[in-house]
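Student: Sending over a structure as structure tokens; questions will come in a sec.
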Amino acid sequence: ILVDNNLYYAYGTHSANGIEVWVSDNLKEWKYEGLALNKANTTEQRWFWAPEVYYKNGEYIMYYSANEHLYVAKAAKPTGPFKQVGDMQMKPLLGDEKCIDSSVFFDDDGTAWLFFVRFNDGNCIWKCQLADDYITPVKNTLRKCINVTAAWESKLGRVCEGPNVLKHNKRYYLTYSANDYRSQDYGVGYATTVNVVSGTWAKYSKNPVLQRVERLVGTGHHS
């Protein structure tokens, strides 16, 4: 959800034709505003997943997955129309390798870090720094954060995905989802580090922190 001028804009995985947007002024009632990103304004035609939108440098930037690759789109308004910028975002570092679930963390010094999922040894979470345009990955900053190491993360498949990062008291918290999204045991855990550049991420010993809440199952992909 993007907060902009006292309105809330919700973007999510749903449409086969792109990324939808819903708008609210109270987080209770929502109005459908159509496709913020239409596949006609992209080079991909399927699997539009896990969007995030930020307002940076006087424009709206959408990070999303399409056909299991990462892309960036821009628009003048939060409702769009968003239009793809350039080629696959990670092509300079990974070529045509598949990756999904991009999420951007902006540090206190303004540095932007892209966290995302690669399909090596199951689904693993990696990161890299972004240049000042908030789009271009910076060479020699690619680093793995976490992969599957715990039993609860591999009940169905080997999956650590859906990264989201926040900072509190000089410590970085990487929340993530584990298990296949089709599993009723899809859940959420977190890991921490004090050095986002080169530090090792330590998983919380009591993970998962969210899983099978009363009658709610599959409580993953929290970002």
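Student: Hey, among Gly86, Gly80, which residue is touching a residue at least 40 places away in the same chain (Cβ under 8 Å), surrounded by 21 or more Cβ atoms within 10 Å (Cβ to Cβ) and not charged (D, E, K, R)?
Tutor: On inspection, the qualifying residue turns out to be Gly80.
Student: I would also like to ask the following. Give Ala178, Ala151 a once-over and let me know the one that is free of Cβ contacts under 8 Å to residues at least 24 places away in the same chain and either among the small types (Gly, Ala, Ser) or closer than 13 Å to Ile125 by Cβ (or both).
Tutor: Of Ala178, Ala151, the one residue that is free of Cβ contacts under 8 Å to residues at least 24 places away in the same chain and either among the small types (Gly, Ala, Ser) or closer than 13 Å to Ile125 by Cβ (or both) is Ala151.
Student: Given the range 119-217, what strands (runs of 3 or more DSSP E) lie entirely inside it while holding 2 or more residues that are open to solvent by 40 Å² or more (accessible area, probe 1.4 Å)?
Tutor: Ranges flagged: 124-130, 143-146, 160-168, 171-178.
Student: Could you list, ordered by first residue, the pairs with Cβ atoms under 9 Å in which the first is in the range 203-223 and more than 17 Å from Phe115 (Cβ to Cβ) and the second is among the polar types (S, T, N, Q) and open to solvent by 80 Å² or more (accessible area, probe 1.4 Å), at least 6 apart or interchain?
Tutor: Once the first residue is more than 17 Å from Phe115 (Cβ to Cβ) and sits in the range 203-223, its partners that are among the polar types (S, T, N, Q) and open to solvent by 80 Å² or more (accessible area, probe 1.4 Å) give Arg212/Gln184; Val217/Gln184; Gly218/Gln184.
Student: If only one of Asn38, Asn26 is modelled with pLDDT of 95 or more, out of contact with any strand residue (DSSP E or B) (no Cβ under 6 Å at 6 or more places or on another chain) and either closer than 13 Å to Ala66 by Cα or open to solvent by 20 Å² or more (accessible area, probe 1.4 Å) (or both), which one is it?
Tutor: Asn26
Student: Further question on the same structure: Those residues that are basic (Lys, Arg) and either assigned to a loop (DSSP other than H, G, I, E, B) or under 20 Å from the mean Cα position of the chain (by Cα) (or both), I need them from the range 1-50; list them, please.
Tutor: Passing the criteria: Lys28, Lys39, Arg46.
The values are calculated or read from the model by the stated rules, or taken from the named source; none is laboratory data. As the structure is a computational prediction, the values presented were derived from the model and not from experiment. Note: ideal-geometry Cβ built from the backbone for every residue, glycine included; neighbour counts use all protein chains shown. Keep in mind that these areas ignore ligands, DNA and RNA; they rest on the heavy atoms of the full protein, side chains included. Shrake-Rupley method; radii C 1.70, N 1.55, O 1.52, S 1.80 Å.
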